[in-house]
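**Student:** Below is a structure I'd like to ask you about.
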Amino acid sequence: MKSHSVNSIALSVLLVASSGAHAQIQYLTQERSVSAVTTAMSDAHAATDFSPFTASAFVEDLNESSFGSASQDSTLGDMVIAASGGASADALNAFPAGASSDFEVTFQISQPLEFAFVGSIFSSSVGSDISFSFTGPDGEDVVFLGFTDDFEFIQFADVTGTLQPGEYRLAVFATGFSGGEIDGAGDYDFTLTVSPAPGASVVLLSGLAFLTRRRRA
């Protein structure tokens with residue numbers, strides 16, 4: 001009976017470890033959408049759940065010589081969050097046009113995870129802007145970049161570290177707007193990858209070793 005109990009405990013530890021290894025990120029909320037609009041028409045699409053989201057919006061008003069377009073391709077995985085997209089608008093006269101590609105996700109983790117973040121954002125003119133935010137528990141910045149506009153290109157090259165247990169928010173909002181002589185486009189492309197911190201494996205192995213020694217005794 002004692003040996004059976006030890007086996008059950010060991011099996012439970014392995015099951016917990018296995019489920020943790022395959023579901024590191026627990027998603028809480030998501031708002032992902034694309035939209036485009038002129039004074040006469042509009043087009044918009046939004047994700048309804050945590051499944052991969054690939055969509056585009058496009059409007060073109062030939063009478064007003066204006067157009068807007070937006071796109072997004074995003075995936076919310078157990079170990080990876082990836083998104084790329086952008087928005088642009090153009091008009092040859094005073095009639096306005098606009099477009100947006102929005103990505104906002106909140107998630108939580110229950111154990112320390114190592115992370116790597118790579119990507120870039122680009123704003124082509126005064127007629128566009130991009131707002132980026134990646135914050136953790138207590139609202140602290142994990143990767144900082146507040147706002148970019150007016151022909152700026154920023155690349156995040158191998159930002160790495162450790163995420164502590166808690167809730168996180170990752171968001172990027174790209175907007176293009178146009179009217180008269182102003183037009184603009186904003187683009188983004190990023191990937192967040194996580195993996196168990198080395199300490200978690202050490203604790204697990206130590207626990208299994210203890211159970212094995214107890215069983216042999």
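The values are calculated or read from the model by the stated rules, or taken from the named source; none is laboratory data. Just so it is clear, the structure is predicted and the values come from calculations on it, not from any experiment. All Cβ positions, glycine included, derive from the backbone under ideal geometry; neighbour counts span all protein chains shown.
**Student:** Out of the residues in the range 52-107 that are in a loop (DSSP other than H, G, I, E, B) and in contact with a Leu (Cβ under 8 Å, 6 or more places away or on another chain), state the one that is farthest from T39 (Cα to Cα).
**Tutor:** P52
**Student:** Among the candidates E31, E64, E60, which residue alone is among the acidic types (D, E) and either in contact with a helix residue (DSSP H, G or I) (Cβ under 6 Å, 6 or more places away or on another chain) or at pLDDT 90 or above (or both)?
**Tutor:** Numbers: E64 fails: either in contact with a helix residue (DSSP H, G or I) (Cβ under 6 Å, 6 or more places away or on another chain) or at pLDDT 90 or above (or both); E60 fails: either in contact with a helix residue (DSSP H, G or I) (Cβ under 6 Å, 6 or more places away or on another chain) or at pLDDT 90 or above (or both).
Every option except E31 fails the conditions.
**Student:** So which residues in the range 38-51 are part of a strand (DSSP E or B), in contact with an Asp or Glu (Cβ under 9 Å, 6 or more places away or on another chain) and of a type outside the set (S, T, N, Q), if there are any at all?
**Tutor:** A46
**Student:** Does I121 meet the test of being without any contact (Cβ under 8 Å) to a residue 60 or more places away in the chain and part of a strand (DSSP E or B)?
**Tutor:** no
**Student:** I would also like to ask the following. Any residue that is over 14 Å from the mean Cα position of the chain (by Cα), modelled with pLDDT of 65 or more and among the hydroxyl-bearing types (S, T, Y) - is there at least one of those in the range 179-194?
**Tutor:** No - not one qualifying residue is present in the range 179-194.
**Student:** Testing R169 on (1) more than 16 Å from Q72 (Cβ to Cβ); (2) among the charged types (D, E, K, R); (3) at pLDDT below 90, one condition comes back false. Which one is that?
**Tutor:** Answer for R169: the failing condition is (3).
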